[in-house]
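Undergrad: Can you read through this structure? Questions will come right after.
Readers should treat all values here as calculations from the given coordinates under stated rules, not as data from a laboratory. Computed from a prediction, not measured in an experiment: that's the story for all the values here. For neighbour counting, all protein chains shown are included, and Cβ atoms are generated from backbone atoms with ideal geometry for every residue, glycine included.
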Amino acid sequence: MNKRKIAILGSTGSIGRQALQVIAEHRDLFEVELLTANTSADLLVEQALQFDVNQVVLHDEAAYRRAKDLLAGSPVKVYAGKESVVGLMETMDVDVVLSAQVGFSGLEPTLAALRNGRPVALSNKESLVAAGSLVMRLAQEKGTPLLPVDSEHSAIFQCLQGQRGCIEKLLLTASGGPFLHHTPEQMASITRAEALRHPRWNMGAKITIDCATMMNKGLEMIEAHWLFNVAPKDIQIVVHPQSIIHSMVQFTDGTVLGQMSNPDMRIPIQFALAYPERPALPIPRLDFAQLGQFSFLAPDLERFPCIRLAYEAIAQGGNLPCVMNAANEEAVHAFLREEIPFTTIAKAVEATMAVTPIVEVPTLEDIIVTDREARIRVQEFLKR
Ligand code: MG
């Protein structure tokens with residue numbers, strides 16, 4: 001394949017750092033054009049120098065000044081603010097944009113990259129949850145590829161390569177998180193430290209809490225609905241605690257294809273960046289003789305109500321998934337600040353969904369207003 005120019009939005013986060021590990025393995029295949037971060041100026045500067053990056057953006061003003069000082073005398077251009085990211089996405093000539101920011105803030109840069117006809121490797125699932133119809137319509141209008149980075153969606157995408165058969169159903173696997181076997185009483189007293197200890201995957205704080213509540217699987221069900229155009233009723237969540245099968249597709253002839261590997265995000269990241277090539281990766285191989293047993297069970301919607309809320313949100317549609325996402329982001333951050341109990345996260349999301357006016361066919365403006373108002377409403381709920 002020709003050498004690809006990559007922009008990484010959110011390069012100091014977990015996905016961004018692992019993407020740079022992939023790129024370091026294949027300096028002949030990839031070059032990095034742009035890196036962005038919120039506040040981590042020192043790490044961003046280190047990455048920029050290591051990978052000979054031409055441009056960097058810091059969202060935070062103080063972090064921007066720090067990076068500017070650190071890069072004084074170097075050829076790296078330094079920009080400030082989220083508007084700069086959107087501006088660069090609208091004009092930049094790169095082969096792939098890796099959208100790896102956390103949360104709703106990933107939406108506008110993703111839309112700008114698609115509008116500019118740049119293929120997007122999408123790790124930011126919140127942008128599809130909040131504005132799936134807008135994102136997919138834009139990608140289709142522009143004929144711009146949207147490549148999944150989330151491990152489950154990459155698994156499904158890999159299972160669909162070269163397939164002509166019709167999809168009957170998607171089987172979205174879930175590790176079940178650290179509280180799979182907790183009683184309802186135990187759920188009420190979960191601490192921040194316990195929730196941040198995920199049994200299989202090493203990830204950022206927000207997604208780790210989403211895994212613990214299983215909201216992550218709800219967000220991923222909505223993400224899968226948009227990416228693969230499969231009705232939510234045909235997307236089944238299956239708990240698979242070993243996290244070896246990353247998801248499966250059932251076809252209309254009864255065949256089920258799945259994708260397996262040790263849990264390592266570098267595989268789906270590389271698959272998206274190098275698509276349709278599959279370069280080598282030196283990560284631990286599966287040893288089936290050592291694996292022992294695979295197990296599967298249905299998720300418990302009583303103890304993990306966030307899954308039910310996600311199915312309700314996408315069934316209603318319109319701006320409701322955006323409300324759910326915004327309320328969840330705020331509640332997760334309140335839990336991470338140790339202001340609310342673990343079980344209040346789902347209650348806050350449900351209460352916010354119940355009081356928000358529905359907009360059936362939201363525009364981007366509607367989505368931005370919905371997100372802002374949902375955050376205010378959930379904060380009011382959390383104060384009570
Ligand atoms: Mg995932």
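Undergrad: Under the rule that an exposed site lies in a DSSP loop and has at most 12 other Cβ atoms within 10 Å, name the longest stretch of the chain with no chymotrypsin sites (Phe, Trp or Tyr not before Pro) of that kind, not counting the sites themselves. Could you put the intermediate results ahead of the total?
TA: On the way: sites that count: Phe294, Phe296.
Segment 1-293 is the longest.
Undergrad: Still on this model: Classify the stretch 71-184 as rounded, prolate or oblate, taking a ≥ b ≥ c as the square roots of the eigenvalues of its Cα gyration tensor: rounded when a/c is under 1.5, otherwise prolate if a/b is larger than b/c and oblate if not.
TA: Values: a/c = 2.25, a/b = 1.45, b/c = 1.55.
Because a/c hits 1.5 or more and a/b fails to exceed b/c, the stretch 71-184 counts as oblate.
Undergrad: How much length is gained on full extension from Met260 to Ser74, taking 0.36 nm per residue of separation minus their Cα-Cα distance?
TA: On the way: separation 186, 0.36 × 186 = 66.96 nm, distance 4.34 nm.
Here the segment from Met260 to Ser74 would lengthen by 62.6 nm.
Undergrad: Still on this structure, I have one more. Could you compute the FRET efficiency for Asn2 and Glu83, with r as their C-beta to C-beta distance and R0 at 41 Å, rounded to 0.05?
TA: Working from the Cβ atoms, E equals 0.85.
Undergrad: If you average the C-alpha positions of the stretch 39-108 and of the stretch 231-256 separately, how far apart do those two centres end up, in angstrom?
TA: Spelled out, the Cα-based centre of one part sits 37 Å from the other.
Undergrad: Continuing with the same structure: Among the GluC sites (Glu not before Pro) in the stretch 322-351, which ones are in a DSSP loop with at most 13 other Cβ atoms within 10 Å of the Cβ? Mind listing them? Write down the numbers at each step before the final one.
TA: On the way: sites: Glu329, Glu330, Glu338, Glu339, Glu350; in loops: Glu338, Glu339.
Counting only loop positions with at most 13 other Cβ atoms within 10 Å, the GluC sites (Glu not before Pro) in the stretch 322-351 are Glu338, Glu339.
Undergrad: OK, next. Using a Gaussian network for the chain with springs between C-alpha atoms less than 10 Å apart, which of these wobbles most: Leu35, Leu122, Leu281?
TA: Leu281
Undergrad: Suppose only helical runs count, i.e. DSSP H with n ≥ 4. What mean residue ellipticity at 222 nm does that imply for the chain under -39500 (n - 2.57) per run, divided by all residues and rounded to the nearest 500 deg cm²/dmol? Before the final figure, lay out the partial values.
TA: Numbers: 17 runs with 183 residues, N = 384.
Computed ellipticity for the chain at 222 nm equals -14500 deg cm²/dmol.
Undergrad: Oh, and also: State whether the chain is rounded, prolate or oblate according to the following rule on the C-alpha gyration tensor (a ≥ b ≥ c being the square roots of its eigenvalues): a/c under 1.5 gives rounded; otherwise a/b larger than b/c gives prolate, and the remaining case gives oblate. Spell out each step's value before the answer.
TA: On the way: a/c = 1.42, a/b = 1.16, b/c = 1.22.
Rounded is the answer for the chain, as its axis ratio a/c remains below 1.5.
Undergrad: Also, I was wondering about something else. Below 8 Å, C-alpha to C-alpha, sequence gap of six or more: please give me the relative contact order for the chain in percent.
TA: RCO, the chain: 15 percent.
Undergrad: Also, I was wondering about something else. Please go through the stretch 95-193 and write out the trypsin sites (Lys or Arg not before Pro) that DSSP classes as loop and that have at most 12 other C-beta atoms within 10 Å.
TA: Values: sites: Arg115, Lys125, Arg137, Lys142, Arg164, Lys169, Arg192; in loops: Arg164.
Qualifying residues, ordered by number: Arg164.
Undergrad: Roughly speaking, what is the centre-to-centre gap between the stretch 315-344 and the stretch 142-173 when only Cα atoms are used, to the nearest Å?
TA: Cα centres, the stretch 315-344 to the stretch 142-173: 27 Å.
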